[in-house]
1. Please check which bits of the range 12-37 a label hung off T173 would reach, taking the label as a point 7 Å along Cα-to-C-beta and the cut-off as backbone N under 16 Å.
2. Give the calculated FRET efficiency between K197 and H148 to the nearest 0.05, with a Förster radius of 30 Å applied to their Cβ-Cβ distance.
3. When you count, for each residue, the other Cβ atoms within 10 Å and take the mean per peptide, how do 210-217, 19-26, 135-142 rank with the highest first?
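Any read-out appearing in this document is the output of simple, stated calculations on the displayed coordinates, not a laboratory observation. Nothing here was measured: the structure is a model prediction, and the numbers come from that model. Backbone-built Cβ (ideal geometry, glycine too); neighbour counts: all protein chains shown.
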Amino acid sequence: MQAILVPIDFSPVSRNASVYAAELARLFNARLLLFHAYMLPTPVSEVPYVMVTADEVQQENEAFLQKEADHLHSTYGIQIDTLVRIGIASDEIKEITKDQPIDLIVMGMKGAGGLDKIIGSTTTNVIRKVKIPVLIIPHDAGYKPVQHITYASDFSYKTSNSLFGPLLEIAKTLVAKVHILHVQKEVVKMEEQVGRKSTEQAFSNQDHEFVNVTDQSVTHGINEYLQHNTSELLVMVAHTHTFFERIFSKSRTTAMAYETKIPLLVLQDKE
């Protein structure tokens, strides 16, 4: 891992995520890229207001972001670059990942409920638009040494070295054990057995174990497992119309009971 992108909106939530990212950057000897996107203010009434230019807004945001970078650099001694752009945050983040070799995006989250309520629309859109891993940090989760990683899967998608590469790199560097959690409703289906076998091959050189939990609700099963088993990182895979999408689809937002207290690493299984 060589470069970590951290979107910043100057809120306590994003600052908490930047601190977590700085800890990772120090451990991996990686570069941090702090990024901020902004939109120009527009008048909403006929009340007179002071017009500011795009250059003034750009310079002001650059100064704010540099201050964040200076603080993190003085604290962690890591290389930090900054970038400020005008535009929609998720769109600009997608473009950055195309223009630069970014290995991981670290973003903050807050609240509870469905995906949009848990992590906000910007983070949701980033997960859906980019093709690189996204690490989501709860607003009240400080960095803890990662010793146990829970990878939740229904074994419904093909495994590959590129898919699990980021997870295996993190587990190896941090010397962490991976607990592969499968929440099943009843009997394991044939495709799930095939998926488990391929997953076993992918993790053959990594300290790991398989854990089966029976629960009618996948989200409830994950939540129960995390409440009773120590884990510093939850990992899931984002893939259209499969596990991650089914759990966090808007149609199930109101029924969502899952509330993560630990960082969530979203791996991308996209073409």
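1. 18-34
2. Between K197 and H148 the formula returns 0.80.
3. The most tightly packed comes first, giving 19-26, 135-142, 210-217.
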